[in-house]
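The values are calculated or read from the model by the stated rules, or taken from the named source; none is laboratory data. Not measured: the values here are computed from a predicted model. Positions of Cβ are generated from backbone atoms using ideal geometry, with glycine treated the same way; all protein chains shown enter the neighbour counts. In case anyone asks, the SASA skips ligands and DNA or RNA and just uses the protein heavy atoms, side chains included. Shrake-Rupley method; radii C 1.70, N 1.55, O 1.52, S 1.80 Å.
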Amino acid sequence: FYELEEARNLATQLGIKHQIIVSEELEIPGYSDNPPDRCYYCKSELFEKIKYIAGKEGFAAVFDGTNADELKDFRPGQKAKKEKGVISPLAETGFTKSDIRLWSEKYNLPTASKQSYACLASRFPYGEKITKEKLDRVGQAEYDLRNLGFTQFRIRSHENLARLEFISGEMEMAWFKRKDIVSLCKK
């Protein structure tokens, strides 16, 4: 949804090549069962595709944007990254999320105040089957919520129940827009 649009705009603004890679994680055996290590399956498939393209284009290495803060979290995709030989220069040099924001601001990068995103699959509790329909449902609801003016939030899906998380600075707005929020989630 909005992430692809943002990526296209950023690539255009920076004058860099942008290539779309179609990920087919729902086709990977075991992924849609949503086990705790589902990120491993997805990252393994994604890094394999990126490495293939990089090789075709004559690049010797693939970098990712993992930062030092992320190394403290449960991240099963890190195993896939190591297996595929992907390098994380930000993490390896100790750059944290705060450092990245600070330097991005210093160099007037449009991503300095960009909200953080997480995979839509992370919106479902482990063990709940992931389907394209469910991913699309949550993606659309978050897109609609963003259009209401919210910037940093998550919609967690528990079958037919939505649990919303907002940053503290947007809680008051959420309270005042609660009827719109309920309506878009029901839709």
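Overview of values
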{"read-out": "Enumeration of residues in the stretch 23-38 that are open to solvent by 50 Å² or more (accessible area, probe 1.4 Å) and in contact (Cβ under 8 Å) with a residue 24 or more places away in the chain", "value": "LEU26, ASP33, PRO36, ASP37"}
{"read-out": "Output for the stretch 46-101, where each listed residue is over 22 Å from GLU25 (Cβ atoms), more than 16 Å from the chain's Cα centre (by Cα) and polar (S, T, N, Q)", "value": "THR93, THR96, SER98"}
{"read-out": "Test result for ALA112, in contact with a Cys (Cβ under 6 Å, 6 or more places away or on another chain) and either among the small types (Gly, Ala, Ser) or in a loop (DSSP other than H, G, I, E, B) (or both)", "value": "no"}
{"read-out": "ALA141 vs. criteria within 16 Å of the chain's Cα centre (by Cα), surrounded by fewer than 13 Cβ atoms within 10 Å (Cβ to Cβ) and touching a residue at least 12 places away in the same chain (Cβ under 8 Å)", "value": "no"}
{"read-out": "Any hit, the stretch 78-94, residues being surrounded by 13 or more Cβ atoms within 10 Å (Cβ to Cβ) and in a loop (DSSP other than H, G, I, E, B)", "value": "yes"}
{"read-out": "Of all residues making up the stretch 2-20, the number that are in contact (Cβ under 8 Å) with a residue 24 or more places away in the chain and among the basic types (Lys, Arg)", "value": "0"}
{"read-out": "Top-ranked residue of the stretch 95-115 - restricted to ones that are open to solvent by 50 Å² or more (accessible area, probe 1.4 Å) and of a type in the set (Ser, Thr, Tyr), ranked as farthest from ASP37 (Cα to Cα)", "value": "TYR107"}
{"read-out": "Number of positions in the stretch 6-38 that are acidic (Asp, Glu) and either farther than 21 Å from SER122 by Cα or assigned to a loop (DSSP other than H, G, I, E, B) (or both)", "value": "2"}
{"read-out": "Top-ranked residue in the stretch 119-140 [being touching a Leu at 6+ places or on another chain (Cβ under 8 Å) and not in a helix (DSSP H, G or I); ranked as nearest to PHE74 (Cα to Cα)]", "value": "ILE130"}
{"read-out": "Unique residue being of a type in the set (Ser, Thr, Tyr), closer than 20 Å to LEU120 by Cβ and either open to solvent by 90 Å² or more (accessible area, probe 1.4 Å) or at pLDDT 90 or above (or both) when the list is TYR2, TYR52, TYR41", "value": "TYR41"}
